[in-house]
1. Which one is surrounded by the fewest Cβ atoms within 10 Å (Cβ to Cβ), of the residues in segment 10-35 that are in a helix (DSSP H, G or I) and at pLDDT below 90?
2. Starting from segment 15-32, take each residue that is free of Cβ contacts under 8 Å to residues at least 60 places away in the same chain and list its partners that are among the hydroxyl-bearing types (Ser, Thr, Tyr), counting only C-beta distances under 8 angstrom and pairs at least six apart or across chains.
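The values are calculated or read from the model by the stated rules, or taken from the named source; none is laboratory data. All of these numbers come straight from a predicted model, not from anything done at the bench. With ideal geometry, Cβ positions are generated from the backbone for all residues, glycine too; neighbour counts draw on all protein chains shown.
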Amino acid sequence: MLAHLLDHFFFSAKRYSEKTKNIIFGVNVFLQLAMFYWFKELAWGIEGPVNEYKHRGWRPVSSFPPRA
């Protein structure tokens with residue numbers, strides 16, 4: 001869905017120059033790679049004690065699932 005929105009609003013638009021489109025593309029690629037790197041433990045599996053990942057700001061176990 002994001003690819004379609006980017007294409008519609010930026011890459012198919014005539015008002016942006018090729019340089020601007022390349023910058024938008026580069027920023028999006030960088031953000032996607034940064035997000036994957038940040039959450040790579042979830043993608044490849046967490047190894048070791050979970051206490052080593054406290055800087056991630058996980059939700060406390062007691063709040064999930066929400067109680068009715």
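1. Of everything passing the filter in segment 10-35, 11 is surrounded by the fewest Cβ atoms within 10 Å (Cβ to Cβ).
2. 24/16
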